[in-house]
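Engineer: Once you've had a glance at the structure underneath, I'll fire off some questions.
The values are calculated or read from the model by the stated rules, or taken from the named source; none is laboratory data. Small disclaimer: the values here were computed from a predicted structure and weren't measured. Using ideal geometry, Cβ is built from the backbone for each residue, glycine included, and neighbour counts are taken over all protein chains shown. Remember, those area values only see protein heavy atoms, side chains included, never the ligands or the DNA or RNA. Shrake-Rupley method; radii C 1.70, N 1.55, O 1.52, S 1.80 Å.
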Amino acid sequence: MLQIETILCRAGIMDNYAYLLIDEASRISAIIDPSEAAPIIKRCQELNTRPSYILNTHHHFDHTDSNLELKQLYHAQVVGHSADAHRIPGLDIALSDGDTFRLGDSQAQIISVDGHTIGHILWYFAQDKALFTGDMLFNLCVGGLFEGNISQMWHSVQKIKALPDDTLFYPGHEYTLHGAQEALYFSHNSPDVLAYLRLAQNRLQQGLPAGPFTLGEEKKCNPYLSADSEAEFARRLGA
Ligand code: ZN
Ligand code: FE
């Protein structure tokens, strides 16, 4: 089993989330997308763990900015997509679509999702029903198209929709309220979306992340996942 700790980084700037993953059997740990070292180091101290790995979803600086500092501090290995080998700082282990990665007794599958960038990946821990989506999927919205095109993003969305509904997903930013207006508009204020937002706002008011939500909830409420054709997906992205 995997213990998952959410760590808010760059708070109030871009509200990035890094994640500390601890494999409970072996106590081997990893950090996903370290954008700010201080809050991560603090949490690792509190939990008495020294991460062996840094796992990146994509190359953008707000996901990799602390790679080198944490790599040096913990003697950690940096893991990312082979397509990003030239632009992820300190990359040691390059993986490709469909590869698996072991964290102690836990195991992740690498799912390639071009769109936000070319070389973006999801980290999918199927046994733990946990999916780390970086800037591909946020609560109620998807990442901007910096490098890929709409067709690539649509194809990537289908890969997410194929995963089980009871998977919890963990995004790279706290963007839930950014997505709220579009979700309400395209769903015509559906009860599902209203319930989703009530729960999200309740957690945010307590100083917690809005999520995690399940992919089942997201498939119903996220207007980019609920779009039923590429044309409709494109229309919603352009709105
Ligand atoms: Zn990004
Ligand atoms: Fe980002």
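Engineer: Students often forget the sequence filter, so: which aspartates and glutamates lie under 14 Å Cα-Cα from LYS219 once same-chain residues fewer than 8 apart are removed?
Structural biologist: ASP165, ASP166, ASP192, ASP228
Engineer: While we're looking at this one, here's another question. Out of all Cα-Cα pairs in the range 1-113, roughly what percent, to the nearest whole number, are more than 19 Å apart?
Structural biologist: Every Cα pair in the range 1-113 considered, those over 19 Å come to 41 percent.
Engineer: Per-residue HN-Hα couplings for the range 184-194, Karplus 6.51 cos²θ - 1.76 cosθ + 1.60 at θ = phi - 60°, whole Hz, x for Gly and Pro?
Structural biologist: With coefficients 6.51, -1.76 and 1.60, one gets 5, 5, 6, 8, 6, 6, 5, x, 4, 5, 4 Hz.
Engineer: Go through the range 1-85 and name the GluC sites (Glu not before Pro) that are in a DSSP coil and have 14 or fewer other Cβ atoms within 10 Å of their Cβ.
Structural biologist: On the way: sites: GLU5, GLU24, GLU36, GLU46, GLU69; in loops: GLU24, GLU36.
Within the range 1-85, the qualifying GluC sites (Glu not before Pro) (loop, at most 14 other Cβ atoms within 10 Å) are GLU24.
Engineer: Return the equivalent ellipsoid semi-axes of the range 64-138 as a descending list in whole Å, where each equals the square root of 5 times an eigenvalue of the C-alpha gyration tensor.
Structural biologist: 19, 17, 11
Engineer: At a Förster radius of 25 Å, what calculated FRET efficiency corresponds to the Cβ-Cβ distance of ALA25 and LEU68, to the nearest 0.05?
Structural biologist: Here the calculated transfer efficiency is 0.25.
Engineer: Across the Cα atoms of the range 98-239, what radius of gyration and what greatest pairwise Cα-Cα distance (Dmax) are found, in Å?
Structural biologist: Using the Cα atoms of the range 98-239, the pair Rg, Dmax is 14.7, 45 Å.
Engineer: Would you work out the relative contact order for the chain, in percent, from Cα pairs under 8 angstrom that are 6 or more residues apart? Please report the intermediate quantities before stating the final value.
Structural biologist: Numbers: 503 pairs, mean separation 33.1, N = 239.
Value for the chain: 14 percent.
Engineer: Given contacts defined as C-alpha pairs under 8 Å and at least six residues apart, what's the relative contact order of the range 26-156, whole-number percent? All intermediate terms of the calculation are to be shown ahead of the outcome.
Structural biologist: On the way: 263 pairs, mean separation 24.3, N = 131.
This gives 19 percent for the range 26-156.
Engineer: So if I take the centroid of the Cα atoms in the range 98-150 and the same for the range 17-86, what is the distance between those two points in Å?
Structural biologist: 16
Engineer: Can you report the principal axis dimensions of the chain using only the alpha carbons, biggest first, rounded to whole angstrom?
Structural biologist: Result for the chain: principal-axis Cα extents of 50, 38, 33 Å.
Engineer: Figure the gain on full extension for GLN158 and ASN189 (residue separation times 0.36 nm, minus the Cα-Cα span) and round it to one decimal in nm.
Structural biologist: 8.7 nm
Engineer: Per residue, how much accessible area does the chain have with a 1.4 Å probe, in Å²?
Structural biologist: Counting only protein heavy atoms, the per-residue value for the chain is 43 Å².
Engineer: Please tell me the relative contact order of the range 109-200 in percent, rounded to the nearest whole number, where contacts are Cα pairs under 8 Å and at least six residues apart.
Structural biologist: Relative contact order, the range 109-200: 29 percent.
Engineer: Can you return the lysines within cross-link range of LYS71? Criterion is Cα-Cα under 19 Å, with same-chain partners fewer than 8 residues away left out.
Structural biologist: Partners found: LYS42.
Engineer: While we're here: Accessible area of the chain with a 1.4 Å probe: how many percent of it is carbon plus sulfur?
Structural biologist: Here carbon and sulfur together make up 50 percent of the probe-accessible area.
Engineer: Further question on the same structure: Which value in Å is the Kirkwood Rh of the range 190-239 over different Cα pairs?
Structural biologist: It is 11.9 Å.
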